[in-house]
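Take a look at the structure set out below.
The values are calculated or read from the model by the stated rules, or taken from the named source; none is laboratory data. Owing to the predicted nature of the structure, the values given are computational and were not obtained by experimental measurement. Here the Cβ is made from the backbone with ideal geometry for all residues, glycine too, and neighbour counts use every protein chain on show. For the accessible areas, the whole protein counts, side chains as well, though only heavy atoms, and no ligand, DNA or RNA atoms are used. Shrake-Rupley method; radii C 1.70, N 1.55, O 1.52, S 1.80 Å.
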Amino acid sequence: MNRILIINAKGIVQHGRSHVVRGKEMRNLPVMENGWIMIEGDKICGVGHMDEPFHAPVNDVVDASGKFVLPSWCDSHTHVVFAGSREAEFVDRIHGKTYEEIARNGGGILNSAKRLQATDESELYDAAFARLEEVIHFGTGAIEIKSGYGLTYEAELKMLRVIKRLKASSPLIIKSTFLGAHALPVEFKEKRSEYIDLLVNRLIPVIADEGLADYNDVFCDRGFFTVEETDRILEAGVKRGLRPKIHANELDFSGGIQVGVKHNALSVDHLECTGDEEIKCLLDSDTMPTLLPSTAFFLKIHYPPARKMIDAGLPVALASDFNPGSSPSGKMSFVCTLACLYLGMSPEEAINAATLNSAYAMGVMDQAGSFVKGKQANLFITKKIPSLASLPYSFGSDLIESVMLNGEFQ
Ligand code: NIG
Ligand code: FE
């Protein structure tokens with residue numbers, strides 16, 4: 001079996017643990033200084049200090065003097081399958097329109113849906129594959145991808161088939177989420193419950209039977225889907241083995257966190273509107289609060305109260321929300337920069353949130369998020385940098401020198 005040994009690393013980051021990191025523990029980030037890491041085939045084999053080198057025969061030795069080795073970012077919330085882009089809405093927002101106004105007038109998600117419906121599967125696949133190539137070079141090694149720009153029976157299945165093809169062809173670890181309840185299609189404006197019927201009675205059963213999604217999502221927020229509608233959709237998914245992982249409390253105190261926790265959601269995401277009641281509810285759950293600061297940044301809305309959540313003892317995960325409307329970027333190191341600047345998180349907390357906790361939030365803790373024997377060999381090596389804080393600090397620079405996925409340099 002092919003063995004690669006990376007030696008002399010200034011630090012091997014996030015080694016030796018594989019659990020959700022919460023509360024005060026988020027400040028601690030294990031770093032093996034002057035370390036080595038051994039890769040065997042496509043798996044992590046071991047980590048150690050250079051004083052106790054690994055003597056087994058190896059095929060390749062990589063010198064990482066002055067550089068850090070990190071487990072790849074896990075980006076647990078994205079919408080990378082989409083058609084076209086939405087710069088016009090960006091310009092409209094500069095001139096004073098709000099995201100919600102644009103959405104109410106048929107723009108936003110409905111705009112993306114119109115384009116996606118008119119785009120064929122192979123074109124969607126090629127564009128999404130190119131986006132994945134880009135984020136691989138940003139250091140991402142695991143990614144969750146949602147449907148939700150289809151919004152018809154055929155187009156939602158088309159999106160999920162594209163994600164299925166990406167799973168088969170990309171070196172990334174990929175999880176797929178059904179988001180039929182992303183926005184209400186115009187033709188259902190006067191008959192909301194019929195759209196919910198379509199999701200619950202027709203789409204969820206076929207998606208579950210064909211294994212087209214791992215998770216089930218609803219945009220539970222003001223102007224989108226209500227708690228009652230969310231409850232119905234999540235229950236239908238749970239019955240078919242699709243665990244919830246939902247959009248909640250971005251635009252209002254929507255009750256989304258509570259209904260997500262009620263159905264044992266793997267994660268509830270956004271959470272700009274989170275108060276004491278929501279924090280209490282999350283503390284009694286196995287649901288990962290997932291924050292998407294590049295969305296708050298790009299929409300110029302307030303940031304979620306991350307400090308309050310962590311200080312209350314919660315874990316938090318970070319993700320990019322890569323999508324054409326509210327976060328047209330999948331650069332996780334920039335997400336960490338925003339977390340440090342606007343969520344009050346330390347670089348160590350941000351790295352914990354973007355590795356182990358985000359691995360949990362997409363259900364890949366056994367494969368990704370840290371350096372533990374048997375996990376997938378997905379990692380990146382930085383350039384020579386003075387400290388780990390350089391990653392969020394030098395936000396405009398590309399500090400990644402090389403990326404390995406499944407034991408192979410990309
Ligand atoms: O996560 N909040 C809901 N959905 C996406 C936005 C999608 C869009 O605007 O196209 C989000 O921000
Ligand atoms: Fe999203």
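Rounded to the nearest Å, what's the spacing between the alpha carbon centres of the stretch 22-86 and the stretch 157-212? Just the number, please. That distance is 33 Å.
Computed over the chain, relative contact order equals 22 percent, with contacts defined as Cα pairs under 8 Å that lie 6+ residues apart. Phi angles of the stretch 56-64 translate, via the Karplus equation with coefficients 6.51, -1.76, 1.60 and θ = phi - 60°, into HN-Hα couplings of 4, x, 10, 8, 8, 10, 10, 8, 10 Hz per residue; Gly and Pro are given as x. Taking Asn323, Asn201, Asn111 in turn, the Gaussian network model of the chain (Cα-Cα springs below 10 Å) assigns the largest fluctuation to Asn201.
Taken along its principal axes, the alpha carbon cloud of the stretch 261-410 reaches lengths of 45, 35, 30 Å, longest axis first. Which one, Phe395, Ser326, Ile279, projects farthest toward the positive side of the charge dipole computed for the chain from Cβ point charges (K/R +1, D/E -1)? Farthest towards the positive end: Phe395.
Protein heavy-atom accessible surface, 1.4 Å probe, per residue over the chain: 38 Å². The GNM of the chain, with springs linking C-alpha atoms under 10 angstrom apart, assigns the highest mean-square fluctuation among His247, His182, His49 to His49.
When the Gaussian network model of the chain links Cα atoms closer than 10 Å, the mean-square fluctuations of Asp92, Asp75, Asp42 top out at Asp92.
Each part gets one Cα centre, and for the stretch 294-314 versus the stretch 326-362 those centres are 11 Å apart.
The alpha carbon radius of gyration of the chain, expressed as a multiple of 2.2 N^0.38 Å, is 0.96. The phi-based Karplus calculation (6.51 cos²θ - 1.76 cosθ + 1.60; θ = phi - 60°) puts the 3J(HN,Hα) values of the stretch 273-289 at 9, 10, x, 4, 5, 5, 5, 4, 4, 5, 4, 8, 9, 9, 8, 8, x Hz, whole numbers, x for Gly and Pro. Spin-label model, Lys97/Arg115: points 7 Å from Cα along the beta carbon direction are separated by 1.4 nm.
Computed in the context of the full set of protein chains, the accessible area of the chain at 1.4 Å probe radius has 51% of its extent on carbon or sulfur. Remark: the Ala127-Asn406 segment gains 98.1 nm on full extension, using 0.36 nm per residue and subtracting the alpha carbon distance. The 3J(HN,Hα) values that the Karplus relation (6.51, -1.76, 1.60; θ = phi - 60°) gives for the stretch 142-149 are, in residue order, 8, 8, 9, 10, 9, 7, x, 10 Hz. Gly and Pro appear as x. Computed from label points 7 Å out along Cα-Cβ, the spacing between Val227 and Glu33 is 5.1 nm.
Here's how it looks for Lys383: its modeled amide H is under 5 Å from those of Ile400, Glu401, which are all 5 or more places away or on a different chain. Computed from label points 7 Å out along Cα-Cβ, the spacing between Lys383 and His302 is 3.9 nm. Near Ala83, the amide H atoms lying under 5 Å from its own belong to Leu116; only residues 5 or more places off or on other chains count, and H is placed 1.01 Å from N.
The heavy atoms of Ser85 offer some 50 square angstrom of accessible surface to a 1.4 angstrom probe. Listed by chain and number, the lysines whose alpha-carbon sits under 22 Å from that of Lys10, ignoring those within fewer than 8 places in the same chain, are Lys43, Lys67, Lys373, Lys375, Lys383, Lys384.
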